[in-house]
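The structure appears below as structure tokens.
Read-outs: derived from the displayed coordinates by stated rules, not from any lab. The model shown is predicted, which means the values in this text are computed figures rather than measured ones. Note that each Cβ is placed from the backbone with ideal geometry, even for glycine, and that neighbours are counted across all protein chains shown.
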Amino acid sequence: MRLLVIEDEKKAGEYLKKGLEESGFTVDVVANGIDGLHQALEEDYDLLVLDVMLPGMDGWEVLRRLREKKDVPVLLLTAVDELEERVRGLELGGDDYLVKPFAFVELLARIRTLLRRGPPRDIEHMRIGDLEIDAVRRRVRRNGQRIDLTPREFSLLQLLARRRGEVLSRAQIASYVWDMNFDSDTNVVEVAIRRLRAKVDEGYGVKLIHTVRGMGYVLDDEREDA
């Protein structure tokens, strides 16, 4: 597995490189956001470890631009332990979030979890009915018309499309898309599905995103809501 660490603190970068290489990974380290983004886009990595506070271009902007082109897992590192910061990172398309200072064993565990979880990332183009999904460019079209989605909405649609015809529970969706466990009384999945439906299904005769009552949601062009 090949990892890219984008970290401007020299000692921290060296520490992460040494520890991760001893754990069996191949690791490149870049010390600023501009070079980090360029390398992430030009080279193939299995995962990025991305510091939020970077010279040249901060981690938020690196992540935003990266998500326009690639769907590689990203673990964010930050010195700020605030809910607003965590939410911002996840909404921009980050896969997990770790606050400094942290224990290396926790970093390693989170990296391995990210590399294990989620649907396969090797399906570049998908088509379901008149819906087209370009995973490389992160673009969606329906009946030839472009649909603009947020990074989180795209991840949700991509999950449903890759598991086409399979009913996914709210817990499964929360785990894959947000990497979090939500309480049963939290409606974040329902809200996300509703917003995605408004963009993908509204105005079209054939609905693609269906509710299976008591079970979850499914993307299919050959069924009706249960």
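What ranking, highest mean first, results for peptides 162-171, 71-80 when packing means the other Cβ atoms within 10 Å averaged over each residue?
Highest-to-lowest ranking by the protection proxy: 71-80, 162-171.
Estimate the FRET efficiency between Gln145 and Lys207 by the formula 1/(1 + (r/R0)^6), using the beta-carbon distance for r and 25 Å for R0, to the nearest 0.05.
0.95
Have a look at Ser175, Ser23, Ser155 and tell me which one the Gaussian network model of the chain (Cα, springs below 10 Å) gives the largest fluctuation.
Looking only at Ser175, Ser23, Ser155, the largest GNM fluctuation is found for Ser23.
Suppose we keep just the DSSP beta bridges with both residues in the range 40-169; what percent of those would be antiparallel, to 5?
Close to 60 percent.
Would you mind calculating the gained length between Ala171 and Glu84 on full extension (0.36 nm times residue separation, minus the Cα-Cα distance), in nm to one decimal?
29.0 nm
Subtract the Cα-Cα distance of His125 and Glu61 from 0.36 nm times their separation in residues, and report this length gain in nm to one decimal.
20.5 nm
Using 0.36 nm times the number of residues separating Thr26 and Ala109, minus their current alpha carbon distance, what extension gain do you get?
28.2 nm
To make sure I understand, if each residue's beta carbon is the centre and we count other beta carbons within 10 Å, what order do His38, His210 fall in, fewest to most?
Least crowded to most crowded, the residues run His38, His210.
Taking the beta-carbon count within 10 Å as an exposure proxy, list Arg142, Arg152, Arg116, Arg2 from fewest neighbours to most.
So the ranking, lowest neighbour count to highest, is Arg116, Arg2, Arg152, Arg142.
Write down the percent of antiparallel bridges among all DSSP beta bridges whose residues are both part of the chain, to the nearest 5.
Rounded to the nearest five, the antiparallel share is 50 percent.
At 4 °C and 1.567 mPa s, what whole-number value in µm²/s does Stokes-Einstein give for the translational diffusion of the range 2-116, with Rh from the Kirkwood sum over Cα pairs?
Answer from the Stokes-Einstein relation: 94 µm²/s.
Have a look at the chain and give its Rg and Dmax from the Cα atoms, expressed in angstrom.
Gyration radius and largest Cα-Cα distance of the chain: 18.4, 58 Å.
What distance in nm separates the two pseudo spin-label positions at Asp44 and Arg195, each 7 Å out from Cα along the beta-carbon direction?
Simple spin-label model gives 3.3 nm for this pair.
Using the Kyte-Doolittle scale, find the helices of the chain whose mean hydropathy is at least -1.0 and whose Cα atoms extend 15 Å or more along the helix's long axis, counting only whole DSSP H runs.
104-116, 151-162, 188-200
Please state the relative contact order of the chain as a whole percent: Cα pairs under 8 Å, 6+ residues apart?
RCO, the chain: 13 percent.
Excluding residues fewer than 8 places away in the same chain, name every one of the lysines whose C-alpha is closer than 21 Å to that of Lys17.
Here the lysines satisfying the reach criterion relative to Lys17 are Lys100.
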